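Below: the structure, in structure tokens.
The values are calculated or read from the model by the stated rules, or taken from the named source; none is laboratory data. Keep in mind it's a predicted model, so treat the numbers as computed, not measured. Here the Cβ positions follow ideal geometry from the backbone for every residue, glycine too, while neighbour counts run over all protein chains shown. Calculation scope for accessible area: heavy atoms of the full protein, side chains included, ligands and nucleic acids excluded. Shrake-Rupley method; radii C 1.70, N 1.55, O 1.52, S 1.80 Å.
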Amino acid sequence: MALIYVVEDDRSIQEIETFALSGAGFQTRGYDCAADFYLGLEEEKPDLVLLDVMLPDEDGLAVVRKLRSRRELALLPIILVTARTAEIDKVKGLDIGADDYLTKPFGVMELIARVKAMLRRSQAGQREPCLKLGEIVMDQEKHAVSVRGKACDLTYKEYELLKLLLSNSGIVMTRNVILDRVWGSSFAGESRTLDMHIKTLRQKLRDQGGLIRTVRNVGYILSGE
């Protein structure tokens, strides 16, 4: 299920967008300003961002520039939402790195159609069949993991855990986010289960296991730095 961040300071519009996207089967999180949105990015990377141009604390175009300057967010799909109708404003947004735009007012069906189309293009053209960090390689088509060219035998949960960390490399993943995305919201076990899976995953990754670092009182991060 794709995760979509809706960055919109008008609460009524934000609620309409999140309600419509949730009804279409997407996970959503709403943010009223750029500052809160940046905090959300540090917690988890979304699959797509619906970004209003006129935010109270920072211009949406400036936000796009910042996202595109970060390696791990360079390919993040961004749809700008703007009340500006001048063609130059739309062209400027696309030129600095936005993937698409919606002009207010727009219909719910158009919103959903644009989001689905963008996600299809993203999945087809931007997501590599292999995820890699250091000497860890995950072949998603074969559902296989190798370390320095040697096969790494993982359980289903270990595989999903590593996939989540690789997909969000360089970003701290909180314990709650990991438990929700890997075990599901209905998971009622103690978080000690997560710690045990991290421990066994590190062991199976051999000398590359150290790339999974503990962030005290927060969660875990997979980073080559």
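Structure above, values below:
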{"read-out": "For Val81, distant residues with modelled amide H under 5 Å away", "value": "Leu51, Asp52, Val53, Leu102"}
{"read-out": "For the chain, with +1 on Lys and Arg beta carbons and -1 on Asp and Glu, the positive-most of Leu111, Gly25, Gly170 along the dipole", "value": "Gly170"}
{"read-out": "Student exercise, the chain dipole from Lys, Arg, Asp, Glu Cβ charges, in Debye to nearest 20", "value": "1000"}
{"read-out": "Pairwise FRET efficiency - Lys199 versus Ser146, Cβ, R0 = 25 Å, nearest 0.05", "value": "0.75"}
{"read-out": "Positive-pole candidate from Ser69, Gly224, Val7, dipole of the chain, charges at beta carbon", "value": "Gly224"}
{"read-out": "Cleavage-rule hits, trypsin sites (Lys or Arg not before Pro), the stretch 4-110, DSSP coil, Cβ neighbours within 10 Å at most 15", "value": "Arg70"}
{"read-out": "Calculated from backbone phi, Karplus (6.51, -1.76, 1.60) coupling profile of the stretch 33-44 in Hz, x at Gly/Pro", "value": "8, 5, 4, 5, 4, 4, 5, x, 5, 6, 7, 7"}
{"read-out": "Residue among Leu133, Ala34, Gly60 farthest towards the positive dipole end of the stretch 1-142, charges placed on Cβ", "value": "Leu133"}
{"read-out": "Förster-model FRET efficiency, 22 Å R0, Gln27 and Lys116, C-beta, rounded to 0.05", "value": "0.95"}
{"read-out": "Only Lys, Arg (+1) and Asp, Glu (-1) charged, at Cβ; the stretch 104-164 dipole about Cα centre in debye", "value": "320"}
{"read-out": "Amide H partners (placed H, <5 Å) of Ala24, local residues excluded", "value": "none"}
{"read-out": "Heavy-atom accessible surface of the chain: percent carbon and sulfur, 1.4 Å", "value": "51"}
{"read-out": "Helix axis angle, 11-23 relative to the chain longest principal axis, alpha carbon, degrees", "value": "50"}
{"read-out": "Paramagnetic reach from Asn176 in the stretch 7-43 [backbone N under 18 Å; point 7 Å along Cα→Cβ]", "value": "27-32, 36-43"}
{"read-out": "Karplus-derived HN-Hα couplings along the stretch 63-70 (A = 6.51, B = -1.76, C = 1.60, θ = phi - 60°), whole Hz, x at Gly and Pro", "value": "5, 4, 4, 5, 5, 5, 7, 9"}
{"read-out": "Where the chain is the region considered: accessible area per residue in Å², 1.4 Å probe", "value": "52"}
{"read-out": "The chain: antiparallel DSSP beta bridges as a percent of all, rounded to 5", "value": "50"}
{"read-out": "Extended-chain gain in nm, criterion 0.36 nm per residue less alpha-carbon gap, Thr155 and Val108", "value": "12.8 nm"}
